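Have a look at the structure below before the remarks.
FYI, it's all coordinate maths here, none of it is from the lab. Computed from a prediction, not measured in an experiment: that's the story for all the values here. Methodologically, a virtual Cβ is constructed for each residue, glycine included, from the backbone with ideal geometry; neighbour enumeration extends over all protein chains shown.
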Ligand SMILES: [Zn+2]
């Protein structure tokens, strides 16, 4: 029997480090969405090789309900698992699904910079810990990814902040889209930050996320 389109799609994702658990469960439009998200992220990381070096191998599963989730430790090879809820893949505009997908990949990237004990305990990796030191008081790019829990920056909130930074960096249209949502425009004021704060990558956040992408590209260039 010749391989199905879904099998070919799963094969295409392998060099990026994504191992699809049950390719036949994915509809054509869902497969295309995943491929677009993965290709956009890989391009910024210097190609498929950069992506697999940064994230390692991740098992990819789809479920009918719910959102996305990254299991930094999964007790079977490839030891990391990403689950994507179908509703995420069917949003308006459609590319919001790509944004959610690269958000989860951002978690995988950080998890790869944590040791195995930290991953088992669900603690963030080096990327998130250094982020907290680097950005100081500057809030993250989105309400959800502000890095703040109340007015305090916590490590758990900073994990979401990093994932949203990856999304905001790869999808500038995501930030533009958030401007159309009043709750996103208003969050900095609501928690008492300066009124001129808006969604998007502040200067420290931009430098930090660009630096991490640049590191991987350099790694690929230097072999
Ligand atoms: Zn997240």
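Values computed for the structure shown
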| read-out | value |
| --- | --- |
| Among residues of the range 92-108, those that are within 16 Å of the ligand (Cβ to nearest atom) and either assigned to a loop (DSSP other than H, G, I, E, B) or closer than 18 Å to residue 75 by Cα (or both), counted | 2 |
| Subset of the range 136-169 (residues that are buried (at least 24 other Cβ atoms within 10 Å of the Cβ), without any contact (Cβ under 8 Å) to a residue 60 or more places away in the chain and within 10 Å of the ligand (Cβ to nearest atom)) | 145, 159, 161, 162 |
| Odd one out for residue 46 among (1) more than 16 Å from the ligand (Cβ to nearest atom); (2) over 15 Å from the mean Cα position of the chain (by Cα); (3) surrounded by fewer than 18 Cβ atoms within 10 Å (Cβ to Cβ) | (3) |
